[in-house]
Amino acid sequence: MNKVLTQELFHRHPANPILSVENWPYAANSVFNAAAAMFAGKTLLLVRVEDFRGISHLTVAKSDDGVHSWDIDTEPTLRPDPEGHPEEVWGIEDPRVTWLEELQKWAITYTAFSRGGPLVSLATTTDFRNFTRLGSVMPPEDKDAALFPVRFNGHWAMLHRPVAKLPSIESHIWLSFSPNLKHWGDHQELIHARRGSWWDANKIGLSAPPMETKEGWLVLYHGVRATSSGSIYRLGLVLLDLENPGRVIRRSEEWVFGPKASYEREGDVDDVVFPCGWIEKDGIIFMYYGAADSCIALATAKLNELVDYLLKCPPYKLED
Ligand code: BMA
């Protein structure tokens with residue numbers, strides 16, 4: 001049998017974990033699931049920080065090389081605002097950021113934890129200091145959302161993951177459209193959870209925001225494998241048509257990254273790799289991921305190897 005190539009596409013950085021509560025300038029339970037952006041020549045992470053009540057907020061950390069010497073805001077950068085936004089009563093989590101060239105703004109999609117369950121909220125910023133909330137954009141239960149950086153036929157597009165209420169129905173990734181970022185519709189199922197014994201059976205969700213390549217939109221997603229001793233979060237890849245993101249061109253069969261290192265296998269939630277951001281620099285992808293809901297780690301990959309691998313996968317076909 002051939003050596004399993006998919007397991008070698010991403011390489012863990014030797015400095016892992018690159019950020020943990022030991023580095024934090026204020027007391028916190030855990031730091032994980034961070035959005036990533038290149039901002040003013042630096043790597044910026046918008047980090048989910050969970051306090052000792054169990055409530056999360058977001059804090060900015062910046063670094064010149066994206067690995068070492070993080071300059072971390074000394075207090076929460078974006079706190080939940082339960083008075084202005086009751087849907088944030090139990091915290092804000094798992095941000096993804098997308099640069100909207102047309103508006104010259106960053107869009108931040110994040111999970112607001114409301115009394116009715118987690119939902120998708122959106123805010124914009126130009127400086128990661130001041131934030132303009134657009135409020136909730138998808139009702140509960142829905143999370144793992146990110147915007148595409150451009151409009152399609154005049155409409156913004158968002159990937160997100162509503163959760164089915166019936167236990168026998170899988171949770172898939174959906175695509176929705178908006179004329180103004182605030183009101184979303186034309187919802188369509190896009191990437192389906194597989195079934196049975198597959199690694200991504202029953203529940204999947206978007207990981208980092210879609211990345212534009214010549215061959216299509218590269219999508220990183222997580223699959224949640226339910227086992228008798230808990231869930232395993234692993235990652236797969238999808239390629240969407242550049243002009244029509246509602247068309248799936250390719251999808252990996254095998255997972256391309258999963259928990260292996262001790263900091264991924266053991267933490268507040270064992271066996272979790274959970275990227276919310278990736279950055280491309282000179283053909284190298286820097287994937288920042290929450291490890292075991294406890295710390296932040298980095299893995300790198302060559303962009304062309306990810307795309308070449310996907311193009312060798314069989315054309316996408318929806319199973320019954
Ligand atoms: C998901 C999200 C993530 C978390 C993961 C593993 O549902 O809530 O924030 O990292 O579970 O616990």
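Read-outs: derived from the displayed coordinates by stated rules, not from any lab. Fair warning: this is a prediction, and the values are worked out from it, not measured in the lab. Backbone-built Cβ (ideal geometry, glycine too); neighbour counts: all protein chains shown.
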Item to check | Compactness index (Cα Rg / 2.2 N^0.38 Å), the range 1-104 | outcome: 1.28
Item to check | Backbone HN-Hα couplings from phi across the range 27-35 [Karplus 6.51/-1.76/1.60, Hz, Gly and Pro as x] | outcome: 5, 8, 6, 7, 10, 6, 5, 9, 6
Checklist entry - Hey, how many Å between the Cα centroid of the range 75-145 and the Cα centroid of the range 1-51? => result 20 Å
Next on the checklist: Per residue of the range 225-232, what does 6.51 cos²θ - 1.76 cosθ + 1.60 with θ = phi - 60° give for ³J(HN,Hα)? Whole Hz please, x for Gly and Pro, Karplus curve as stated.
Outcome noted: 8, 7, 10, 5, 10, x, 9, 10
Item to check | Globularity index of the chain, i.e. its alpha-carbon radius of gyration over 2.2 N^0.38 Å | outcome: 0.92
Item to check | Inter-part distance where the range 166-189 and the range 230-274 are each reduced to a Cα centre, Å | outcome: 20 Å
Checklist entry - Taking amide H positions as placed 1.01 Å from N in the peptide plane, with prolines and chain starts having none, which residues 5 or more places from Lys105, or on another chain, fall under 5 Å of its amide H? => result Leu100
Item to check | Dipole magnitude of the chain about its Cα centre (Cβ charges: Lys, Arg +1; Asp, Glu -1), debye to nearest 20 | outcome: 480 debye
Checklist entry - Lysine pairs, Cα distance under 19 Å, 8 or more residues apart or cross-chain: how many in the chain? => result 19
Next on the checklist: What does the net charge come to around Gly258 if you take all other residues with beta carbon closer than 12 Å to its beta carbon, with K and R at +1 and D and E at -1?
Outcome noted: +1
Item to check | Karplus-derived 3J(HN,Hα), 6.51/-1.76/1.60, for each residue of the range 271-285, Hz, glycine and proline x | outcome: 6, 10, 10, 9, x, 10, x, 9, 10, 9, 10, 6, x, 9, 8
